[in-house]
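The values are calculated or read from the model by the stated rules, or taken from the named source; none is laboratory data. On a predicted model such as this, the values are computed, not experimentally measured, just so you know. Using ideal geometry, Cβ is built from the backbone for each residue, glycine included, and neighbour counts are taken over all protein chains shown.
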Amino acid sequence: MSNSLYSSVLRLQDGTCYKGWSFFDLPSYVGEIVFNTGMTGYQEILSDPSYTGQMVVFTYPEIGNTGLNKQDNESNFIHVKAIISKNISPISSNWRSSITLKNYILKKKIPHIFGLDTRSLTRRLRLFGVMGAYLCSSNLSIKKSKVDFENFDKIDLIKKISVRSAYDCSRFDLISKNIIQPFNSGQKFKSNSRYNIIVLDLGLKFNILRNLLLLDCQVTVLPATTDYSFILNQNPDGILLSNGPGDPSLSKYAVSTVKNLITYGGVPIFGICMGHQILNLACGADAFKLKFGHRGLNHPSGFNSYSEITSQNHGFAVRSDLDFNPDFLKSLFIQYFNLNDGTIAATFHKKAPFFSVQYHPEASPGPHDSHYLFHVFIDLISCMNSKK
């Protein structure tokens, strides 16, 4: 692989310019620039569909030390628009590593820049909020007035990345052999599954499927545009609404589907991240864009003296000012808040078997404080089945 370095430039929508280096001569790329405060997990971040269209600033000063392996991808594709880092290690040291991050970037031609002041950049995004940016070789002469900064808030990203047709996770070869990788050699997936789980793919991470399979579930993944009657015709024991990118209010088809499932289905529903937002919108809530989002592995979520440390990755949240819709509180109660800024982190339906969390209980990467929620989901299904 090449050892050459190429001068590159990152220019924000407000005109701020940062100079750095790349491993190949960059053409021009445009995206929304965000930051992630995690100290690890760059491989999962690169393959997380929730980062579709986004240039990710890694606040940890160096990434790439452990390379990449064949087990930790969260999807079959690279979804980030660009990697922005203080330093990218050209070598890796880990027994699972099969390729260095540098060589992976060169092999996949991933847009990137390093050698810039990521602390200054992160502070600017915290002060002024996420914004558009473009990345290119310093040799390209591009005037700001000629750059087409897309309005990313008006793009339905879910429809762009959701699976095109249904698949059964027992046919793991259709998606990725990563799906059946156990957490350790002592865990095996069982063939005589107890429950039939439908996963609505809004930007699904593989680790959600791993957790369901490890809990002895038969899992079927459906496109985000699937009609509610088709979902109910599959006779699901439970429905999981996955994570995903973008503004939930643009996915009116998903909100409509979930609203019908709530009204006519009577099937337990568990929403994660984007699924949380879609479920709450279906119950009458509203969503808003956060100034700079929640992206990291150490976000405290809880209430009063109780807190869980959670993994989070989202740019929108459910409105906590419920004066606009008092009927919302008649059906759902707020279980947890994000303890950094007070935004809603978890809601539970008061009478029906529906609940959702803004954070990631599958936590890949991240802490396992909230992993128990998958067991809560299965226990809820068991309880509902016992009443039939």
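Yes/no per residue for (1) closer than 27 Å to D14 by Cα; (2) under 16 Å from the mean Cα position of the chain (by Cα):
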residue	(1), (2)
M39	no, no
F58	yes, yes
D72	no, yes
S75	no, yes
I99	no, no
R126	yes, no
Y134	yes, no
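Select from region 89-104 the residues that are crowded, with 20+ Cβ neighbours inside 10 Å and of a type in the set (A, V, I, L, M) and list them in ascending order.
If the condition is that a residue be crowded, with 20+ Cβ neighbours inside 10 Å and of a type in the set (A, V, I, L, M), then L101 is the only one that fits.
Working only within region 14-40, note down all residues that are out of contact with any Gly (no Cβ under 7 Å at 6 or more places or on another chain) and in a loop (DSSP other than H, G, I, E, B).
The answer is D14, G15, T16, F23, F24, D25, L26, P27, S28, M39, T40.
Tell me, which strands (runs of 3 or more DSSP E) lie completely within region 279-388 with 3 or more residues that are of a type in the set (F, W, Y)?
The qualifying strands (runs of 3 or more DSSP E) are 287-303, 332-338.
In region 266-278, which residue that is outside any strand (DSSP E or B) and modelled with pLDDT of 95 or more is surrounded by the most Cβ atoms within 10 Å (Cβ to Cβ)?
My answer is M274.
As an exercise: evaluate L373 against (1) loosely packed, with under 13 Cβ neighbours inside 10 Å; (2) farther than 22 Å from G284 by Cβ; (3) not small (G, A, S) and give the number of the one condition it does not meet.
If we test L373 against (1) loosely packed, with under 13 Cβ neighbours inside 10 Å; (2) farther than 22 Å from G284 by Cβ; (3) not small (G, A, S), just (1) comes out false.
It is to be established whether one or more residues within region 300-309 are of a type outside the set (D, E) and touching a helix residue (DSSP H, G or I) at 6+ places or on another chain (Cβ under 9 Å).
No, that holds for no residue.
Suppose we filter K86, K107, K70 for residues that are surrounded by 15 or more Cβ atoms within 10 Å (Cβ to Cβ) and charged (D, E, K, R); which single one remains?
Selected residue: K86, the only one of K86, K107, K70 that is surrounded by 15 or more Cβ atoms within 10 Å (Cβ to Cβ) and charged (D, E, K, R).
Tell me yes or no: at least one residue of region 310-326 is modelled with pLDDT of 95 or more, over 22 Å from P245 (Cα atoms) and either touching a helix residue (DSSP H, G or I) at 6+ places or on another chain (Cβ under 7 Å) or crowded, with 18+ Cβ neighbours inside 10 Å (or both).
No: region 310-326 contains no residue that is modelled with pLDDT of 95 or more, over 22 Å from P245 (Cα atoms) and either touching a helix residue (DSSP H, G or I) at 6+ places or on another chain (Cβ under 7 Å) or crowded, with 18+ Cβ neighbours inside 10 Å (or both).
Got a sec? Which of G115, G132 is closer than 24 Å to D341 by Cβ and touching a Gly at 6+ places or on another chain (Cβ under 9 Å)?
Of the residues listed, the single one that is closer than 24 Å to D341 by Cβ and touching a Gly at 6+ places or on another chain (Cβ under 9 Å) is G132.
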